[in-house]
Amino acid sequence: MQCFPSLVLALSSLLGALALLQLSLYLRVPSRYGKHEERLCRPRGRVPARCAWFLQELPSFLVPALLLALRSPPRLEPLGCRLLCCLFCWHYFYRTFIYPFFTRGRPFPLQLLFFGTLFCIYNGFLQGYYLIYCAEYPNDWCTDIRFTSGLLLFLLGMGINIHSDLLLRQLRKPGEVTYKIPQGGLFTYVSGANYFGEIVEWFGFAIATWSLPAFAFAFFTLCCIGPRAYHHHRYYLKTFTDYPKSRKALIPFVF
Ligand code: NDX
């Protein structure tokens, strides 16, 4: 396989367009899974959460890992390229092989699982293909301010995301499906602490890679889970009369 810059441009533009579609679809009405399902008790057309998250996220790990393994001759230089590809796979290793096995979420709609899987194949291919076959970095990229600041943001975001996922999980006993007020960590300031972490993480990745596909994915993430954080916030305010009034939806002290 070789690099086709026009393919990268086309796939990144389509990802940007999907982000805008996502925003227009889900700004008013939330995506219908988790607490925003219309009929929470309906069991048909649902897949257990563990199975759904594993299947849906697997391509995001597998596709870039396969592209990396199939690359001939293997790409070993520069160090920046390898590190960046590993960061992407590292996140999706967590999301595929760790997150699903601890989740206490309710069953996931089959239809969204299908679209989610397609999305993960698409994005896994785009990010992996670009980093493995197209990206060119100078040998000293690891000391460039974009790489170091982006990497720091990525790690900070990932830390917030994993910690917030853990706090949400601890709100339930095994088998429970009720909703409670999240407490602690960044939830002290925002209702969508896990989403805030994920958004910071992918913007950090975009800065570290300084690439169109990664900026398109960060923008997609913002348009996908940004509105969801807003809908979570409204849900909490409507459901819990004692919900902390100073808490914002997504960005601490701002929004
Ligand atoms: N999966 C990313 N669009 C998505 C699945 C849906 O990883 O067709 C995007 C991802 C996909 C989406 C994915 C892409 C776009 C799709 C969409 C479906 C339609 C859409 C395909 C792939 C589409 C177009 C039209 C453009 C093609 O019972 P429960 O499940 O609610 O329990 C929850 C629990 N919890 C609580 N427990 C007790 N008390 C409370 N108050 C609770 N609040 C929540 O915590 C869950 O078990 C758990 C987390 O819930 P929640 O709702 O906070 O997070 P969730 O949305 O489930 O995300 C989980 C993690 C989180 O860390 C988040 O950052 C990350 O995954 N994520 C999620 C979505 C997308 C994404 C990251 C990204 O874009 N990077």
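So the values come out like this:
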| item | result |
| --- | --- |
| Some residue of the range 184-199 being among the aliphatic types (A, V, I, L, M), near the ligand (Cβ under 10 Å from one of its atoms) and touching a helix residue (DSSP H, G or I) at 6+ places or on another chain (Cβ under 8 Å) | yes |
| Cys142 being touching a helix residue (DSSP H, G or I) at 6+ places or on another chain (Cβ under 8 Å), near the ligand (Cβ under 8 Å from one of its atoms), more than 19 Å from Pro5 (Cβ to Cβ) and not aromatic (Phe, Trp, Tyr) | no |
| Boolean, Ala214 is of a type in the set (Gly, Ala, Ser), more than 21 Å from Gln183 (Cβ to Cβ) and touching a Gly at 6+ places or on another chain (Cβ under 6 Å) | no |
| Flag if Thr143 is without any contact (Cβ under 8 Å) to a residue 60 or more places away in the chain, within 23 Å of Ala49 (Cβ to Cβ) and surrounded by fewer than 20 Cβ atoms within 10 Å (Cβ to Cβ) | no |
| Of all residues in the range 171-195 being of a type in the set (S, T, N, Q) and loosely packed, with under 13 Cβ neighbours inside 10 Å, the one that is nearest to Glu37 (Cα to Cα) | Thr178 |
| Pairs where the first residue, in the range 109-124, is touching a residue at least 40 places away in the same chain (Cβ under 8 Å) and more than 8 Å from the ligand (Cβ to nearest atom) and the second is part of a helix (DSSP H, G or I) and basic (Lys, Arg), C-beta under 6 Å, 6+ apart | none |
| Hits in the range 17-28 (condition: buried (at least 17 other Cβ atoms within 10 Å of the Cβ) and either in contact with a strand residue (DSSP E or B) (Cβ under 6 Å, 6 or more places away or on another chain) or farther than 12 Å from Ile225 by Cα (or both)) | Leu18 |
| Subset tally (residues that are farther than 18 Å from Cys81 by Cβ and touching a Ser or Thr at 6+ places or on another chain (Cβ under 9 Å)) for the range 137-157 | 0 |
| Failed item, numbered, when Arg172 is tested on (1) under 26 Å from Thr239 (Cβ atoms); (2) over 20 Å from the mean Cα position of the chain (by Cα); (3) away from the ligand (no atom under 11 Å from the Cβ) | (3) |
| Condition met for Leu155 (more than 14 Å from the ligand (Cβ to nearest atom), surrounded by fewer than 18 Cβ atoms within 10 Å (Cβ to Cβ), under 24 Å from Pro64 (Cα atoms) and within 15 Å of the chain's Cα centre (by Cα)) | yes |
| Boolean, Ala208 is more than 12 Å from the ligand (Cβ to nearest atom), hydrophobic (A, V, I, L, M, F, W, C), closer than 18 Å to His91 by Cα and surrounded by 22 or more Cβ atoms within 10 Å (Cβ to Cβ) | yes |
| Residues of the range 172-200 satisfying the condition of being within 25 Å of Phe220 (Cβ to Cβ) and hydrophobic (A, V, I, L, M, F, W, C) | Leu186, Phe187, Val190, Ala193, Phe196, Ile199, Val200 |
| Filtered residues of the range 219-255 (kept if surrounded by fewer than 19 Cβ atoms within 10 Å (Cβ to Cβ) and hydrophobic (A, V, I, L, M, F, W, C)) | Leu237, Phe240, Ile251, Phe253, Val254, Phe255 |
| Pair list, Cβ under 9 Å, 6 or more apart: the range 191-208 residue over 12 Å from Ala229 (Cα atoms), other residue within 7 Å of the ligand (Cβ to nearest atom) | Val200/Asn161; Glu201/Asn161; Glu201/Thr221; Trp202/Phe220; Trp202/Thr221; Phe203/Thr221 |
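Read-outs throughout are calculated quantities, based only on the coordinates presented, and are distinct from any laboratory measurement. Model, not experiment: these values are computed from the prediction. As a convention, Cβ positions derive from the backbone with ideal geometry for all residues, glycine included, and neighbour counts pool all protein chains shown.
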